[in-house]
Amino acid sequence: MNLLKTSIVAATITTVLAGCGEKDKGFDFNFSGGHPVTFDSAVTSESTNENSGVFEIDLLAGAMVDGQPIDPEKSTIYIREFNFSYDEDFRTPQTSNDNFENNIEDSPFSLSEDGFTLFVDTDAFKDVLRDCDTTDVMSGYDDNDEVIEGANGKRDFPQSVTYQIQYVVDNGYNWPLDENGVVTGEPEIRTINLTISAEYDEVVGVEIFAAETPVDGVVVPKASTIPTYACNTGLKFESLDSTIAQVLDENAGTVKGIDKGETQIKVTSVEKPEFSAQAEFNVTPGFTLSISNGDLHSSGAPTGKKLSPTCIHAAVEVEPDLFEGSLQGDYSYTWSSTDDTVAKLNETGTFGFNGIAAFTTPDTNVNTVGNTAVVSVNVASGYTGSTSIDDVESKSIEIELVENLWCEPTASAHPDGWASDFNMGDYPWGPNTQAPGEGLDGGGAVKMTVVDGGEADPSNKTTIVRQVWNNLRNYHTELLANAGSAIGKKFKFYVWAKVKPADATGDVNSGAKLTHRLLPWSYQDGPSGPGFDKRFEAQGIVSAELKATTDWQLVEFKFSDLQAAWTVPANWTIRDHVFPFFDIEGLQPGDVLLLDDYAIVEVTE
């Protein structure tokens with residue numbers, strides 16, 4: 001929805017100023033012009049830069065009546081029929097500025113109190129216009145304002161945006177009729193082409209993140225200017241101890257490990273040498289470990305943390321690497337936690353050479369959200385090349401608990417409560433879907449048995465759906481489709497999964513895909529009558545690729561390659577049933593997929 005158009009048309013076009021005659025003649029609306037309003041130029045242009053404060057446009061500039069500048073003191077004037085046109089791929093920044101009178105909520109455009117000056121909050125454009133950023137990874141927005149991924153030949157953050165602003169200045173002139181009773185003219189439309197341009201994006205800082213490489217290995221530490229899209233992103237790299245690590249190319253940032261130990265790598269802005277930063281650089285033996293599922297900075301560098309929902313198991317994954325050699329055979333790992341009340345080791349497994357561990361977290365959000373524990377891992381057995389297993393350095397990550405909305409749902413008005421929670425195995429998802437005693441903690445799990453799709457569906461797609469037709473017991477309804485209260489909110493979804501091959505000695509297919517769908521039964525302009533398929537257009541969809549392992553794994557669903565969180569669409573305005581689906585594709589007929597430990601986390605950043 002174009003908030004710019006709808007809000008300014010609805011709230012400000014009707015501005016009317018009644019002119020007054022002499023004081024002793026009293027109040028006179030005088031809305032009956034003897035001559036039409038004309039302009040010295042029907043089209044005019046204005047320009048300004050982002051982040052330059054409030055820009056003012058005189059809407060009456062150049063307006064004439066009978067050859068004289070229009071005077072709102074002498075006659076009543078309407079400013080009406082506003083229309084804004086601009087590139088449909090551009091999203092006008094949404095803001096609310098209390099400094100403007102008659103401000104249009106969520107719009108950077110507003111009118112003065114008398115209605116004759118258009119204010120433009122140029123500061124609102126500072127994050128959507130960029131002078132030198134040529135990124136092109138999105139091609140627009142869908143009907144729900146969700147990003148459509150894929151390049152379209154346009155910058156995602158353009159250098160400028162031009163608004164064609166059209167309106168009518170009406171002084172009440174009535175055009176005469178011809179002999180056939182047809183109006184002989186119409187008000188002249190004024191057009192203002194307003195261009196807002198990006199300013200030069202200068203460097204305001206630099207950052208660099210910790211890195212490591214084996215002896216004789218070469219790596220480029222992740223480092224960037226602030227902002228990353230600065231016009232001059234050049235950096236100079238420097239090692240503070242060249243006996244440990246040597247910078248091979250100060251411009252490219254390639255660093256070679258010389259000897260085991262730690263030092264610092266320093267980066268300095270080329271454009272502004274007063275900005276520099278440094279980070280730890282570790283030179284390791286030839287066999288190394290890394291945490292492969294930790295959270296990442298926007299730069300792609302590890303944060304050293306893992307945000308984990310309460311009430312479900314936290315997952316930590318480790319990946320080995322061997323410099324000048326190949327990994328081979330089987331590997332096992334030892335795990336530990338600094339605080340079992342936050343993350344207690346429960347189960348371990350492997351996929352390929354990698355290891356995974358499941359840690360029990362508290363079954364409550366109360367006094368637990370924000371608590372942390374450090375999980376550490378090291379290799380216990382396996383081929384480490386020329387590196388002694390005793391010399392392999394352990395790796396650690398901090399687990400931080402975040403609120404799982406499925407952990408302790410709000411109270412239900414139904415005496416039997418909600419018909420689902422994070423313990424998925426406690427609730428049936430259709431015939432033959434319960435697996436008592438097969439859950440991650442030894443409790444129940446949901447079972448999906450893969451059916452043979454034949455030639456019609458070689459992916460063997462298999463689906464289950466949880467049908468709770470009482471809204472007082474359907475917490476998906478309460479959370480996501482509560483009469484529009486969730487529109488615009490963002491959520492991430494998690495579930496633990498385990499594949500049991502039909503052939504107990506067989507391998508698990510690689511590339512299997514698990515999809516989670518959230519289907520609203522009723523929504524704005526939606527259909528009536530039975531049939532899930534009629535409503536597929538409005539469903540939310542997140543998915544993830546499964547690891548080829550028979551051990552339990554945490555599935556962290558993503559909305560798309562660019563976005564992990566799914567946003568509740570604008571058309572979910574009706575309080576009615578929401579049905580969760582799970583689809584599995586790419587497994588073999590007869591394979592069983594177990595699901596347990598479900599989580600929904602609201603994303604507010």
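The values are calculated or read from the model by the stated rules, or taken from the named source; none is laboratory data. All figures in this text were calculated on a predicted structure; none of them were measured in a lab. Here the Cβ positions follow ideal geometry from the backbone for every residue, glycine too, while neighbour counts run over all protein chains shown.
Test residue 317 against the stated conditions and say whether it is within 27 Å of residue 421 (Cα to Cα), in contact with a strand residue (DSSP E or B) (Cβ under 7 Å, 6 or more places away or on another chain), at pLDDT below 95 and not polar (S, T, N, Q). No; evaluated as a whole, the condition is false for this residue.
On the given criteria, is residue 252 in contact (Cβ under 8 Å) with a residue 60 or more places away in the chain and among the aliphatic types (A, V, I, L, M)? It is false that residue 252 is in contact (Cβ under 8 Å) with a residue 60 or more places away in the chain and among the aliphatic types (A, V, I, L, M). Would you mind stating whether residue 238 is charged (D, E, K, R), surrounded by fewer than 19 Cβ atoms within 10 Å (Cβ to Cβ), at pLDDT 95 or above and within 26 Å of the chain's Cα centre (by Cα)? For residue 238, the condition - charged (D, E, K, R), surrounded by fewer than 19 Cβ atoms within 10 Å (Cβ to Cβ), at pLDDT 95 or above and within 26 Å of the chain's Cα centre (by Cα) - is not met. Sub-7 Å Cβ pairs linking a first residue in region 367-387 that is at positive phi to a second residue that is not aromatic (Phe, Trp, Tyr), at least 6 apart or interchain, are 370/400; 370/401; 382/329; 382/330; 382/332; 385/286; 385/322; 385/325, ordered by first then second residue. Can you tell me which of 255, 247, 203, 218 is touching a Lys or Arg at 6+ places or on another chain (Cβ under 6 Å), surrounded by 18 or more Cβ atoms within 10 Å (Cβ to Cβ) and either more than 30 Å from residue 55 (Cα to Cα) or not small (Gly, Ala, Ser) (or both)? Of the residues listed, the single one that is touching a Lys or Arg at 6+ places or on another chain (Cβ under 6 Å), surrounded by 18 or more Cβ atoms within 10 Å (Cβ to Cβ) and either more than 30 Å from residue 55 (Cα to Cα) or not small (Gly, Ala, Ser) (or both) is 203. Surrounded by 17 or more Cβ atoms within 10 Å (Cβ to Cβ) and out of contact with any Lys or Arg (no Cβ under 8 Å at 6 or more places or on another chain), is that true of residue 538? It is true that residue 538 is surrounded by 17 or more Cβ atoms within 10 Å (Cβ to Cβ) and out of contact with any Lys or Arg (no Cβ under 8 Å at 6 or more places or on another chain).
Residues in region 503-537 that are at pLDDT below 95 and among the hydrophobic types (A, V, I, L, M, F, W, C): 504, 508. Scan region 473-490 and tell me whether some residue there is touching a residue at least 40 places away in the same chain (Cβ under 8 Å), among the β-branched types (Val, Ile, Thr), in contact with a strand residue (DSSP E or B) (Cβ under 6 Å, 6 or more places away or on another chain) and surrounded by 17 or more Cβ atoms within 10 Å (Cβ to Cβ). Looking for residues that are touching a residue at least 40 places away in the same chain (Cβ under 8 Å), among the β-branched types (Val, Ile, Thr), in contact with a strand residue (DSSP E or B) (Cβ under 6 Å, 6 or more places away or on another chain) and surrounded by 17 or more Cβ atoms within 10 Å (Cβ to Cβ), one finds at least one in region 473-490, hence yes.
The criterion of at least 1 residues that are under 24 Å from residue 587 (Cβ atoms) is met, among strands (runs of 3 or more DSSP E) falling completely within region 343-449, by 344-351, 354-360, 445-449.
Before we move on, is residue 235 in contact with a Lys or Arg (Cβ under 7 Å, 6 or more places away or on another chain) and over 28 Å from residue 42 (Cβ atoms)? Taking the combined requirement at face value, the residue does not satisfy it. Considering region 174-200, and only residues there that are surrounded by 18 or more Cβ atoms within 10 Å (Cβ to Cβ) and over 30 Å from residue 220 (Cβ atoms), the residue that is modelled with the lowest pLDDT turns out to be 187.
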